[in-house]
Amino acid sequence: MSEGPVKRDFFGSRFGVIAATAGSAIGLGNIWRFPYVAGENGGGAFLIIYLVFVFLIGIPVMLSEFTIGRSAQRNAFGSFKKLAPGKPWYFTGLMGVAAAFMIMAFYTAVAGWTLEYLYQSVINGFSGLSSAQMNSMFYDFIGSPLRPLVWFFGFMAITASIIMAGVQKGIEKYNKILMPMLFVLLVVLVVRSVTLPGSMGGISFLFKPDFSKITASTILEALGQAFFSLSIGMGTLITYGSYIQKKENLGSTAFSVAIADTLVAVLAGLAIFPAVFAFDLVPNSGEGLVYITLPNIFQQMQGGYFFAIAFFLLLSVAALTSTISVLEVIVAFFSEELGIKRRQATMLSVVLTSILGVFTVLSFNSMSGVTVFGLTIFELLNFTSANILLPLGGFLIVMFVAWYMGKENARKELSNNGKLKVKYIPFYVFAVKFIAPLAIAFIFLQGLGLIHFS
Ligand code: TRP
């Protein structure tokens, strides 16, 4: 159904475009994943490498997605079909939709934990718990299916209701409210954290470049983190790009979003590590840091009741603006390709992603014994989407613009048909032709274990 004029919704303002796109990029990846990955990989040194990747690879991939989406005015799959009729490039879009299913399934499960923790903060559920009890609180919670399932469906329902309201009246409207709110909450938490006595240890942990910790695998971690954090490689930004009006400047949008995403990652590190060090805790890794260590800190801190609520609210908001963007990939695909209404497409998408999502929730309890290649369902979806589908998708996306669409078409789209100055085009073309594909090929082969560099 992607032929013929399809009436499409669009983002109404420049701020709306940035809020929605930054909303997609800023998520659990920044607040939960970045601080600990950076901490474990040399802190400041990791940060420098990460920044280089954001600019050399992240922004070019992001610009390529915008270019594809805005010139085609279609969903991730339909865009390739329209721009390359009869060619197998649409496979890239299909892969993106598949990745969206997987990310939606496990990401919503984690987002659901955040709602439980927001609820616990409000009812003062952490009060008087020892570290050990805090630990078992988390594992008991994810270890029995009922509560995580309820929160999973709750989060899915909130995401779906915003999607159903439309691009401008749903996605854009809520991002315009939620993103400034996220920023304020984050700044409040940073101020609290860095003014705690003993916070210096955390600051140097995050910023002091320890180049001795940099190895080949650190470099790959930085690249993977950049992909996941910027929401690139699966057509989220093709879909959002298709809602950007022709008068907007794609180059400056990509640049602002990349800066905002990086800033939030650094601020999240500044909200978390100084507090961790001030309370003499170990910078624990992964889910533990946010769901076990932080409640522990809040409980001991002056005004901790309010800071706990602020933090889990922040995390929920960040996750929500990201799940919206992932679900939208699927909704736009069904709606345009099956020719059905947004409402029906949303319901269909929710049913299908929930089936997969239920398994990710159960993989921490009743189905924890079910493994494929030694990975639980949650781990498998996490691994396959981030380590296989995103890099492969990113690779195909830049190759498509560089070698199929061509420099002139890209220039036309990026310059709004010659109206904007686009001095960066030579750098962009070099990045999509050489730097990005080579670097991505490297992470991809390493991710699959086909080559080993450490
Ligand atoms: N970038 C988001 C985060 O950091 C997650 C996300 C949203 C994402 N859309 C995506 C990741 C598309 C990869 C691809 O939490």
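The values are calculated or read from the model by the stated rules, or taken from the named source; none is laboratory data. Every value quoted in this text rests on a predicted model; they were computed, and no experiment measured them. All Cβ positions, glycine included, derive from the backbone under ideal geometry; neighbour counts span all protein chains shown. Each accessible area value is taken on the protein alone, full model and side chains, heavy atoms only, with ligands, DNA and RNA left out. Shrake-Rupley method; radii C 1.70, N 1.55, O 1.52, S 1.80 Å.
In the list ALA216, ALA226, ALA222, which residue meets the criterion of being modelled with pLDDT under 90, within 16 Å of the ligand (Cβ to nearest atom) and touching a Phe, Trp or Tyr at 6+ places or on another chain (Cβ under 7 Å)?
It is ALA222.
Tell me the residue from ALA268, ALA319, ALA308, ALA332 that is within 14 Å of the ligand (Cβ to nearest atom), within 23 Å of GLY198 (Cα to Cα) and buried (at least 24 other Cβ atoms within 10 Å of the Cβ), please.
Being within 14 Å of the ligand (Cβ to nearest atom), within 23 Å of GLY198 (Cα to Cα) and buried (at least 24 other Cβ atoms within 10 Å of the Cβ) holds for just one of ALA268, ALA319, ALA308, ALA332, which is ALA268.
Residues are listed down the side, and each one gets a yes or a no for (1) touching a Phe, Trp or Tyr at 6+ places or on another chain (Cβ under 7 Å); (2) at pLDDT 95 or above; (3) closer than 30 Å to ALA271 by Cα:
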residue	(1), (2), (3)
PHE312	yes, no, yes
VAL329	no, yes, no
GLN344	no, yes, no
SER349	yes, yes, no
THR360	yes, yes, yes
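Need pairs with beta-carbon distance below 6 Å; first residue in contact (Cβ under 8 Å) with a residue 60 or more places away in the chain and under 25 Å from LEU389 (Cα atoms) and within region 235-258, second part of a loop (DSSP other than H, G, I, E, B) and within 16 Å of the ligand (Cβ to nearest atom); sequence gap 6+ or separate chains.
Cβ pairs passing all conditions: THR239/ASN75.
Quick check, is ILE171 touching a helix residue (DSSP H, G or I) at 6+ places or on another chain (Cβ under 9 Å), open to solvent by less than 70 Å² (accessible area, probe 1.4 Å), hydrophobic (A, V, I, L, M, F, W, C) and in contact (Cβ under 8 Å) with a residue 24 or more places away in the chain?
Taking the combined requirement at face value, the residue satisfies it.
Looking only at region 408-451, how many residues end up being touching a helix residue (DSSP H, G or I) at 6+ places or on another chain (Cβ under 7 Å) and free of Cβ contacts under 8 Å to residues at least 40 places away in the same chain?
So the count comes out to 5.
What pairs come up if the first residue lies in region 56-76 and is basic (Lys, Arg), the second is open to solvent by 10 Å² or more (accessible area, probe 1.4 Å) and assigned to a helix (DSSP H, G or I), and their beta carbons are under 7 Å apart, counting only those six or more places apart or on different chains?
From residues that are basic (Lys, Arg), the pairs are ARG70/GLU413; ARG74/LYS82; ARG74/GLU336.
What helices (runs of 4 or more DSSP H) lie completely within region 337-407 and have 3 or more residues being touching a helix residue (DSSP H, G or I) at 6+ places or on another chain (Cβ under 6 Å) and within 30 Å of SER71 (Cβ to Cβ)?
Hits in region 337-407: 342-362, 390-399.
When ILE244 is evaluated against the numbered criteria (1) open to solvent by 10 Å² or more (accessible area, probe 1.4 Å); (2) in contact with a helix residue (DSSP H, G or I) (Cβ under 6 Å, 6 or more places away or on another chain); (3) more than 16 Å from the ligand (Cβ to nearest atom), which criterion, by number, is the only one it fails?
(1)
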